[in-house]
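These notes are about the structure you will find just below.
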Amino acid sequence: MGEIKLTDVKKSFGALAVLKDIDLHIKDGEFVVFVGPSGCGKSTLLRTIAGLEKVSGGEIQIDGKRVNEVTAADRGLAMVFQSYALYPHMSVRQNLAFGLENSNMPKAEITERINEAARMLEIEAYMDRRPGQLSGGQRQRVAIGRAIVRRPTAFLLDEPLSNLDAELRVSTRAELAALHGRLGSTMIYVTHDQVEAMTLAHRIVVMRAGQIEQVGTPLELYNEPANRFVAGFIGAPHMNFLKADVVEVSGELASLSVAGGYRVQVRLGQAKLNSGQKVTVGVRPQHLVVSNDPLSPSVKVRLVEALGSETVIHGDIAGEKMLAVLPGQQRLNAGDEVRFDLTTPPLHVFDDNGFRLLTYAGQLT
Amino acid sequence: MGNVARFILRRRGAHGSGKGWHWTDIFTWVWLIGGLIIMFGPAVWLMFSSLKTPAALAEFPPSILPYVTSQATVEGYDKPLMLYDAKMPDGSTRVLAEVRRIGLVAQMVDPKAPGDIVKVNINDRSPVRIMSFATNNYTEPFVHFDFLRYLWNSVFVTVVATVITLVVNSMAAFALSKYEFKGRSVAMLVILATLMVPLSVIMVPLYSIISTLGLFNSLWGVILPTVATPTGVFILRQYMLTIPDELLDAARMDKASEWQIYWRIVLPLTAPALAVLAIFSVVWRWNDFLWPLIVLSRRELYTLQVGLSIYSGELNVQWHFILAMTVVTMIPVVLVFIFLQRFITTGIAGTGLK
């Protein structure tokens, strides 16, 4: 079992509130990723769950039991640290055994668990080496191994991939996902990399300034971000935001003026817009398509990044920045003018507080 | 050997060619050789001097090597006579033994033909000197002087004081570097401030404490007041600050108690700093003189340094014994340094973390 429930969790260092009223329910076996910019409190939240930091208010429950007063050692959790935090003066085997020895486990069982973890992580070949003699990827495995042998109720991973090079990161990411599938235990994973979050998570918790902005599956966050922050944080490159005015509301439809007067129409659904309201329209760079329609808004290209499989265009549209990811290789140069169709892509409309009012997913016919 | 010589004799040379001499070469050589003489010279001189006879020690001008005037037993004379190279009026030089000296004239005999007395002006003779090592400077104290007793006392004081110093100071350093508590920096400041208090200031109160505790005339009275050193706490604390907190957190997640964290994680990683402090502590305790002199008044409790002072009496200083025993007392310190210095350079910490 590895069910973790946070109720109104607060944490402050002196006068500085780092976590503000965090409510979160993590189900057994779930892979939850905390993501957010640096300093948003995601690592502090993880350390609070681990018991390494005391909460200033609220309650943490593991499997239905309040653990606020329980020490880190007795919460039954295991943590993988960003720096791996392997004991430099111990061999890999001793590193794995340390936690088990401390819980007075019989020698035979320790050996058995270590061997099993070593097999699973393919680190058998260097069990007698010191961490200093291992490569980054190997250390990473040992750090995960140290968590696995404990058979914890939940794994807490604090940016475990950030010290690896790009290629290794991708393969280790896949291995982590496979590992989670095999172990089936709850995992809480902290990262600032939204790609890691998108690929690994069952649910993503987006945090900013000590608060949870949104909790949801990766695609929920991508398709229906709760606010501008989540919209901008999830998805790479980030979403384009254009200032817009509501020109006219008639029944189900609203007409918006974006990018210096260009009109788009959106279906309101449940949302309410008032004519004259200032809003922000968000559109993902991947959803933009080049248009031949002379009425489509024109973008002045500042920079072209040809990546081979796709082309990233940095441009200006009526004084605002605009990113577009176009498929394949485009014959475009800096200084060119290109027109994008804004009527076909999904549009997100945010109010001036940044909350999403509506997402309009398709072309109006 | 060729490589070693090449390494040592390597120089920049004129225009960086490796040939000839650049001024930096000359400067380096002068600097290094000068340093060698300044650092090593006194120790070498001490070692040679410790092998001199009392007469050779009193000689002026002093010599580096232990020379003595050679002597010969001549028939008809009870005591051995000093041998001299004497210049004869005909210009030849003969080895003669001096019988006695009257004013500027020495009465000398030929050791082979002791019958004739030859008168030689003292300016025309010079002593025949041979190198001789007065090893009884070393052997005699072992027999007459309670050297082994004093050695044991010194070793006991040094080893026990060093062990306690390392344990106590590392505990204080651990708390001061790894725990957040109110007054942490004040505590550190107070500890550091005691560095400024010299022994002579606290000698009297310390003495009354020791005497009240009944530690007077006990080796523990020498050991205990010295074990908490601000320098040690400072060195260890600074080193422990470099140990990442994540390691401690990892240990906590691994169900380690705070004692285990200290004993199994922090202490092994502090080994290089502990080695440095161990060297200091050994040298301090071994060379301690004033405090043991105050606390210990019974001869059988004397440490070596106090014991050595027996040789410098009010009227007569037996330099030859003092020098020889000084060399002996230097040996353990030098050995400790040689042994632990290697340990420092192969510092094991910091290798496991990126």
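The values are calculated or read from the model by the stated rules, or taken from the named source; none is laboratory data. Predicted, not measured: the structure shown is a model, and the values here were computed from it. Glycine gets a Cβ as well: all are built from the backbone with ideal geometry, and neighbour counts include every protein chain shown.
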Practice problem: Could you please let me know if A:VAL264 is under 24 Å from A:ARG208 (Cβ atoms), surrounded by 15 or more Cβ atoms within 10 Å (Cβ to Cβ) and in the same structural domain as A:GLN330 (by TED's automatic domain parsing)? | Solution: no
Exercise. Could you please find all residues in the stretch A:64-77 being within 11 Å of another protein chain (Cβ to nearest Cβ) and assigned to a loop (DSSP other than H, G, I, E, B)?
Key: A:THR71, A:GLY76
Quiz item: Do we find that A:VAL338 is in contact with a Leu (Cβ under 8 Å, 6 or more places away or on another chain), at pLDDT 85 or above and not aromatic (Phe, Trp, Tyr) in this structure?
Solution: yes
Self-check item: Scope the stretch B:18-38; condition surrounded by 10 or more Cβ atoms within 10 Å (Cβ to Cβ) and either under 30 Å from B:ILE322 (Cβ atoms) or of a type in the set (S, T, N, Q) (or both); matching residues
Solution: B:THR24, B:THR28, B:ILE33, B:GLY34, B:GLY35, B:LEU36, B:ILE37
Exercise. Please go through the stretch B:247-260 and pick out each residue that is within 7 Å of chain A (Cβ to nearest Cβ) and free of Cβ contacts under 8 Å to residues at least 12 places away in the same chain.
Key: B:ASP249, B:ALA250, B:ARG252, B:MET253, B:ASP254, B:LYS255, B:ALA256, B:GLN260
Self-check item: Residues located in the stretch B:234-283, provided they are more than 24 Å from B:LEU335 (Cα to Cα), out of contact with any Phe, Trp or Tyr (no Cβ under 7 Å at 6 or more places or on another chain) and aromatic (Phe, Trp, Tyr)
Solution: B:PHE234, B:TYR239, B:TRP259, B:TRP263
Quiz item: Taking helices (runs of 4 or more DSSP H) that fall entirely within the stretch B:280-354, which contain at least 2 residues that are within 14 Å of another protein chain (Cβ to nearest Cβ) and at pLDDT 90 or above?
Solution: none
Exercise. Among the candidates B:ILE33, B:ILE8, single out the residue that is at pLDDT 90 or above and aliphatic (A, V, I, L, M).
Key: B:ILE33
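Okay, residues lined up against (1) within 25 Å of the chain's Cα centre (by Cα); (2) free of Cβ contacts under 8 Å to residues at least 40 places away in the same chain:
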residue: A:THR48; (1), (2): yes, yes
residue: A:ILE60; (1), (2): yes, no
residue: A:ASN68; (1), (2): no, yes
residue: A:MET79; (1), (2): yes, no
residue: A:GLU109; (1), (2): no, yes
Self-check item: Among residues of the stretch A:49-66, those that are surrounded by fewer than 21 Cβ atoms within 10 Å (Cβ to Cβ) and more than 20 Å from B:GLU180 (Cβ to Cβ), counted
Solution: 7
Quiz item: Counting only residues that are in contact with a strand residue (DSSP E or B) (Cβ under 9 Å, 6 or more places away or on another chain), at the interface with another protein chain (Cβ under 7 Å from one of its Cβ atoms) and aliphatic (A, V, I, L, M), which one in the stretch A:78-93 is nearest to A:LYS107 (Cα to Cα)?
Solution: A:ALA78
Quiz prompt | Top-ranked residue in the stretch A:137-185 [being of a type outside the set (A, V, I, L, M, F, W, C) and more than 23 Å from the chain's Cα centre (by Cα); ranked as surrounded by the fewest Cβ atoms within 10 Å (Cβ to Cβ)] | solution = A:ARG151
Self-check item: Residue match in the stretch A:92-112 (condition: in contact with a Gly (Cβ under 7 Å, 6 or more places away or on another chain), at positive phi and not in a strand (DSSP E or B))
Solution: no
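Here's the yes/no breakdown for (1) within 21 Å of B:ILE265 (Cβ to Cβ); (2) crowded, with 19+ Cβ neighbours inside 10 Å; (3) in contact with a strand residue (DSSP E or B) (Cβ under 8 Å, 6 or more places away or on another chain); (4) at the interface with chain B (Cβ under 10 Å from one of its Cβ atoms):
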{"position": "A:ASN95", "(1), (2), (3), (4)": "yes, yes, no, yes"}
{"position": "A:PHE98", "(1), (2), (3), (4)": "yes, yes, no, yes"}
{"position": "A:ASN102", "(1), (2), (3), (4)": "yes, no, no, yes"}
{"position": "A:GLU109", "(1), (2), (3), (4)": "no, no, no, no"}
{"position": "A:GLU116", "(1), (2), (3), (4)": "no, no, no, no"}
{"position": "A:PRO131", "(1), (2), (3), (4)": "yes, yes, no, yes"}
{"position": "A:LEU134", "(1), (2), (3), (4)": "yes, yes, no, yes"}
Practice problem: State all residues of the stretch A:139-155 that are within 12 Å of chain B (Cβ to nearest Cβ) and assigned to a helix (DSSP H, G or I); if no residue qualifies, say none. | Solution: A:ARG139, A:GLN140, A:VAL142, A:ALA143, A:ARG146, A:ALA147
Quiz item: Of all the residues that make up the stretch A:141-175, how many are in contact with a strand residue (DSSP E or B) (Cβ under 8 Å, 6 or more places away or on another chain) and not aromatic (Phe, Trp, Tyr)?
Solution: 16
Self-check item: Matching strands (runs of 3 or more DSSP E) fully within the stretch A:156-272 where at least 3 residues are at pLDDT 90 or above and β-branched (Val, Ile, Thr)
Solution: A:186-191, A:203-208
Quiz item: Only one of A:LEU24, A:LEU19 is surrounded by 21 or more Cβ atoms within 10 Å (Cβ to Cβ) and either in contact with a strand residue (DSSP E or B) (Cβ under 8 Å, 6 or more places away or on another chain) or part of a loop (DSSP other than H, G, I, E, B) (or both); which?
Solution: A:LEU19
Self-check item: Residue tally, condition free of Cβ contacts under 8 Å to residues at least 40 places away in the same chain and surrounded by 15 or more Cβ atoms within 10 Å (Cβ to Cβ), over the stretch A:311-323
Solution: 4
Exercise. From B:LEU269, B:LEU274, grab the single residue that is in contact (Cβ under 8 Å) with a residue 40 or more places away in the chain, of a type outside the set (Lys, Arg) and within 8 Å of chain A (Cβ to nearest Cβ).
Key: B:LEU269
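Do we find that A:ARG129 is part of a helix (DSSP H, G or I), at pLDDT 90 or above and basic (Lys, Arg) in this structure?
no
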